[in-house]
Amino acid sequence: MAGEPQSDCLFCKIVSGAIPATVVRETETTVAFRDINPQAPTHVLVIPKVHYPDGASLAVAEPGIAADVLREAGQIAADEKIEEYGYRIVFNTGAGAGQTVFHAHAHVLGGRGLQWPPG
Ligand code: 5GP
Ligand code: ZN
């Protein structure tokens, strides 16, 4: 069924606790944890507890939870004090754009200057 945990999904395993992560925030619908291979001084991933392959498909199926993910991303930026300088929320979507884990996730990146356009 749509949104159900997938047995072969790394982030579903982080949601269930089967794989450990450094969790920074958790809500009824989301989990936020530090990226294992950080690309900036702050690099946190915000994921919905439900399984959808990317952020756009999450927004179609569960718009309220997609909004929860964005709200949490903003709260993390405030908590990590990267909000004032500026930070980036990224949803890599599709292998060609660098997506490697096909469970929706927002990268929250900050704490250094960020180039535009991104690579
Ligand atoms: P993507 O490339 O799909 O946009 O992002 C996946 C992210 O998950 C990558 O930045 C990668 O470093 C991170 N990642 C992969 N495996 C793990 C893991 O086991 N734990 C954590 N905390 N992050 C992971
Ligand atoms: Zn999943």
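Where a number appears in this text, it was derived from the coordinates with a stated rule and is not lab data. Nothing here was measured: the structure is a model prediction, and the numbers come from that model. Heads up, the Cβs are rebuilt from the backbone with ideal geometry, glycines too, and the neighbour counts pull from every protein chain shown.
Structural remarks
- Of the GluC sites (Glu not before Pro) in segment 64-119, the ones in a loop by DSSP (not H, G, I, E or B) with at most 15 other beta carbons within 10 Å are Glu83, Glu84.
- Built amide H within the under 5 Å cut-off of His43, gap 5+: Asp35
- Using θ = phi - 60° and Karplus 6.51 cos²θ - 1.76 cosθ + 1.60, couplings along segment 106-118 (whole Hz; Gly, Pro as x): 9, 7, 10, 10, x, x, 8, x, 10, 6, 10, x, x
- Full-stretch length increase - Arg112, Asn37 - with 0.36 nm per residue and alpha-carbon distance subtracted: 25.4 nm
- Positive-end residue of Thr27, Gly86, Met1, charge dipole of the chain with Cβ unit charges: Gly86
- Applying Stokes-Einstein at 10 °C and 1.306 mPa s to the Kirkwood radius of the chain, computed over alpha-carbon pairs, gives a translational diffusion coefficient of 110 µm² s⁻¹.
- Using the rule -39500 (n - 2.57) for each DSSP H run of four or more residues, divided by the residues of the chain, the 222 nm mean residue ellipticity is -7500 deg cm²/dmol.
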